[in-house]
């Protein structure tokens, strides 16, 4: 075999070894990708396209302009967009897959440009820095900042390394400038490509969630006008869920935004839900218990339909579907049992499934937190007296009811996390439901001359059950 064939075999073996290592990493640390065709397809597409662009930059060296100008050909490795796929994967799939992608792209890029170890090191460093800046990203402008920071890190590394290697300062300056500019361009390209990939592969970033948190979203505006009680309830659930997810290191933004949309199905028949019955009229008084339960249950399905109509991201639609699990609608179930006893019927013939939500049960932590927060916020409205002890007892009762009923059995949430969630709920409720002192008001008095005067009444001492 000639030298070219041996080199080709060596590179093929290196590719196979790298792919094998990547497979082992995915099996060990990223099972979600291994079990999802969408995630695997996204990973493969982005990496292959990135390597194709790097190869294109390498092939540019065969053009006449680069063949006969050594200073111009020296900047080719710094044009290559080596941070493109690592940043995209980190934003759409997480930092772990992003770092794996950075290692693969950096290694293959270094091989393409003549087995240059320093090129692999500095491109991998740039990608790691960019991924670090983009963790928990919430603004698109930060992507450009991350790309620019990666380019600057390559520029600094290039300046120090090539200066020590004795390269002309003019060449080093060209390489450093090119690396910085390439980093900025990569950031701009990623900002443009992200919405396309989000839509194509059904991925949801924090950037999209933050955009959906705008109160002027059409469906949120409808809630504010047509179901103000439900809107206020959703905001309270959002506050509870966000704080609890922060406590367990979950996605607090996903919890908050999903909570804002979780009850949109009530827009179809808002008057059937107590928080919207401002005139005291309750349409359930004229309906049978089974019909009332059917109306209450239907808000989940109608919420999913509205979510699909307004093209809400899949995680939010999943929360809408799961936020009641298969819980029992106790009020109407007991109403049906009582009615059966009054009619002389056998209450045991009442089918419990008629009065249970259709599910499914929560499948991920944020959904479980929202289920608990939703139940707790609704129940807290019935507290006769708001004291820390009453709130703790209510939280314990809600948690016990859901865990005994198996509502949390299908999500990966631990007892330790449940304890942190409970503590967060208690803290939030105590600080949001506390009472206030009575404000002084004007008090009229008649003077000896017969004229009325007013003076400020001193506030009476009022004992409160929680901190002011």
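Read the figures in this text as sums done on the coordinates, not as results from a lab. Because the structure is a prediction, the values reported are computed rather than measured. For neighbour counting, all protein chains shown are included, and Cβ atoms are generated from backbone atoms with ideal geometry for every residue, glycine included.
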Give me the angle, in degrees from 0 to 90, between the Cα long axis of helix 330-342 and the longest principal axis of the Cα atoms of the chain, rounded to the nearest 10.
40 degrees
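Do you know the relative contact order of the stretch 67-150, to the nearest whole percent, from alpha carbon pairs under 8 angstrom that are 6+ apart? Don't jump to the answer; show the numbers that get you there.
Values: 87 pairs, mean separation 23.6, N = 84.
For the stretch 67-150, the relative contact order is 28 percent.
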Note to self, the chain gives a 222 nm [θ] from helices alone (DSSP H runs n ≥ 4, -39500 (n - 2.57) apiece, / all residues, nearest 500) of -21500 deg cm²/dmol
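For the stretch 172-316, what's the relative contact order in percent, using C-alpha pairs closer than 8 Å and at least 6 residues apart?
Value for the stretch 172-316: 24 percent.
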0 to 90° range, to nearest 10: angle between helix 84-93 axis and the chain longest Cα axis
20 degrees
Which entry in [x] -0.43, -0.66, -1.06, -1.16; [y] -0.37, -0.55, -1.05, -1.18; [z] -0.28, -0.50, -1.14, -1.34 is this structure's computed log10 I(q)/I(0) by the Debye sum over Cα atoms at q = 0.06, 0.08, 0.12, 0.13 Å⁻¹?
[x]
A correct fewest-to-most ranking of 262, 284, 324 by other Cβ atoms within 10 Å would be 284, 324, 262
For the chain, find the longest principal axis of its Cα atoms and tell me its angle to the long axis of helix 37-59, 0 to 90°, nearest 10.
30 degrees
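Return 134, 57 ranked ascending by Cβ neighbour count within 10 Å, so the fewest neighbours appear first. Before the final figure, lay out the partial values.
Values: 134 24, 57 20.
If I rank by nearby Cβ atoms, fewest first, I get 57, 134.
Could you line up 167, 84, 197, 160 from fewest to most neighbouring Cβ atoms inside 10 Å? Show your work: numbers first, answer last.
Working: 167 16, 84 28, 197 19, 160 12.
Ordered by Cβ neighbours within 10 Å, fewest first: 160, 167, 197, 84.
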Value of relative contact order over the chain, rounded to a whole percent, pairs C-alpha under 8 Å and six or more apart:
10 percent
For the stretch 1-78, what size does the Cα cloud have along each of its three principal axes, sorted from largest down, in whole Å?
50, 32, 16
